[in-house]
Each structure stands twice: as C-alpha cells, then as structure tokens.
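These notes concern the structure reproduced below.
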Amino acid sequence: MNLSDTPAQLLDGKALSERILNSLKEKVEAKHNAGMPAPGLATILVGNDPASHIYVRNKRRACEKVGITNIHHELDEHVGQAALLKLIQELNDSPEVHGILVQLPLPKNCDYNENEVLAAIDPAKDADGFHPFNQGALMQGRKAPVPCTPKGIMCLLDECGLDLKGRHAVVVGRSNIVGKPISLLLLERHLTVTICHSRTRDLAAEVNRADIVVAAVGVAELVRGDWIKPGAVVLDVGINRNEEGKLVGDVEFRAAAQRAAWITPVPGGVGPMTIAMLLQNTFEAYNA
Ligand code: GUN
C-alpha cells in the first residue's frame with residue numbers, strides 16, 4: 001500500500017503483535033527450561049462458519065509459534081448444547097488446560113445459548129474474558145481476564161504515547177465482545193466516552209467530536225473519512241468485504257488517513273492484536 005500521500009502515522013498491529021508473541025515465546029521457553037509444563041489453550045469450534053475456521057486456524061498457529069500447547073476440538077453443528085457443556089466441563093477439570101475459548105458465533109439453527117455456554121467456562125480459564133463474572137469484574141474495575149480485541153486496542157492506543165485523560169472517545173458499536181468492554185477500558189483510563197450504534201441520530205456529528213474513534217460495527221466503510229476530527233486517533237476493528245470484494249474496515253481508510261494523526265490499517269491493525277492478547281491471557285491464567 002502506498003501511504004506517501006497520507007499524513008497519518010500507521011498503528012502497525014502486525015509488528016506490535018509479533019513483538020508481543022516473541023516476548024511470550026521467551027517467557028514460555030524460560031518456564032520450559034525451569035522444568036515447568038507448557039501452558040495449554042483449548043479451542044472449540046462448532047459448525048462450519050468459514051470465517052470462524054480462519055480465525056481459529058490463526059489462533060492455533062500463534063499457539064504453535066510461542067510454544068503454547070493447543071488442545072483443539074471441532075464439533076458438528078448438530079452436536080447440541082449438552083455435549084458442548086460436557087466438553088467444557090472436561091476442559092475445566094483438565095490440569096493441562098489453562099485457557100478455554102469457544103469460537104463465536106455458535107450455529108444459529110440449533111439449541112445453543114451463547115450466554116449459558118460462556119458461563120460454563122471456569123472463570124479462571126476464561127481466555128476470552130467473556131464469562132459474566134469477568135465481565136462484571138471489568139465493570140467494577142477489578143483485575144480479571146479482559147476480552148482480547150479491547151485489550152489489543154488499548155495496547156495500540158498506548159503506542160501513540162498520548163496523555164489520554166479527559167479526551168473524548170467515540171465508540172461505534174455496542175457488542176459484548178468489543179463495543180461495551182472497550183468503552184469500560186477507556187472510562188477506566190479517564191476518557192469521556194460516547195457509545196454510538198445503529199440508532200444514533202447523527203453519527204457524523206458524534207464521530208467529528210472524537211479525539212479517539214473506535215469503529216466496531218461490521219459495516220464496510222460506514223465511518224466516512226471526512227467525519228474524522230483532524231489529529232484524531234482512529235482504531236478500526238472491522239473486517240469486511242466491499243462491493244468489489246476487497247477487504248476493508250469500518251472506516252473509509254484513505255480519506256480518514258488524510259485527517260487522523262494515527263490510524264490502524266485493515267488488515268494488519270487490530271486483528272493481529274486480538275490473537276496476541278488471547279495468548280497473553282492464556283499465559284496470565286497459567287501463571288495465576
Ligand atoms: N468471534 C469474534 N471475535 C471473537 C473472539 O475474540 N473470541 C471468540 N471466542 N469468538 C469471537
């Protein structure tokens with residue numbers, strides 16, 4: 001990508017995630033050299049969603065890279081909730097497993113209840129930070145596993161070296177996985193936070209007020225470049241295909257980069273950070 005005509009500095013999630021993974025690899029090796037067992041991450045994939053298969057494959061490859069043992073289970077979409085809960089219980093009880101991840105979304109056509117499934121994971125092994133106990137801890141500002149994408153966004157934001165206190169963040173999207181938890185993390189760091197969503201009346205005006213924009217709605221280039229306040233930091237969580245089949249974020253990148261001070265690319269921005277944070281959460285659970 002030729003960025004010579006863009007004034008924004010790129011927030012390179014690929015490079016940062018590689019540094020984090022290399023550092024984790026050294027820590028895992030040190031444990032091995034001290035005669036300790038390897039950390040283990042269990043991944044559970046239910047059904048045939050092609051995007052989920054790619055995400056889980058990338059997570060498993062990262063485990064291999066850093067020396068975390070991956071215990072992988074692929075279940076037929078019709079296996080049903082009782083069998084899934086039984087598997088989670090076995091993994092909760094296994095001393096080789098320190099982190100457990102159930103890839104979302106679960107298939108829509110069976111009896112799965114995502115909230116019940118996530119609540120069945122031992123909160124101490126909750127590598128995704130999706131258990132209600134851990135989500136409650138996040139809301140109260142207590143230490144607990146934090147969802148991986150929001151945790152990765154905060155690492156990227158810290159790369160800018162800005163004093164965040166009192167700045168205005170606008171989060172576009174209100175999912176349990178990204179929008180709500182990133183809003184809490186930003187609040188914890190003393191930003192003023194506005195959460196926008198599909199019913200927000202004047203999204204352009206809200207975004208235009210933001211020093212920090214987090215776009216996590218899953219709509220290709222919904223956030224237009226000319227909405228961005230000059231000098232803002234733009235963090236784009238979206239991974240979408242546009243009408244020409246090109247991979248694009250939730251932000252109109254090229255135009256936004258003309259105004260932003262810092263911006264994440266898609267791909268290579270927030271995405272790789274999610275995986276690095278998953279392995280970090282697993283290593284933290286192993287050390288706990
Ligand atoms: N689906 C989309 N993002 C995620 C994630 O971070 N973790 C899991 N388990 N499923 C997801």
Original post:
From the cross-link list LYS108/LYS180; LYS86/LYS108; LYS65/LYS246; LYS27/LYS180; LYS86/LYS125, which pairs have alpha carbons spaced over 25 Å apart?
Top reply: LYS65/LYS246; LYS27/LYS180
Subject >> Highest average packing first - 250-261, 165-176, 227-238, Cβ atoms within 10 Å >> reply: 227-238, 250-261, 165-176
Subject >> Equivalent ellipsoid, region 52-117 (semi-axes from 5 times Cα gyration tensor eigenvalues, Å) >> reply: 22, 16, 9
**OP:** Could you tell me how many degrees, from 0 to 90 and to the nearest 10, lie between the Cα long axis of helix 81-93 and the main elongation axis, the longest principal axis, of the Cα atoms of the chain?
**Re:** 80 degrees
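Out of the DSSP beta bridges found with both residues in the chain, what percent are antiparallel (nearest 5)?
Details: 2 of 32 bridges.
DSSP beta bridges in the chain are roughly 5 percent antiparallel.
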Original post:
Taking Cα atoms, how many degrees apart are the long axis of helix 270-287 and the longest axis of the chain, rounded to 10 and kept between 0 and 90?
Top reply: 40 degrees
**OP:** Compute the acute angle (0 to 90°) between the alpha-carbon long axis of helix 179-188 and the principal axis of greatest extent of the alpha-carbon atoms of the chain; round to the nearest 10°.
**Re:** 80 degrees
**OP:** Using only the alpha carbons, work out the radius of gyration and Dmax of the chain in angstrom.
**Re:** 19.1, 59
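Values quoted throughout were computed directly from the atomic coordinates according to the rules given, and no laboratory measurement underlies them. None of the values given here were measured: they were computed from a predicted structure. When we count neighbours, we look across all protein chains shown, and the Cβ atoms used for this are built from the backbone with ideal geometry, even at glycine.
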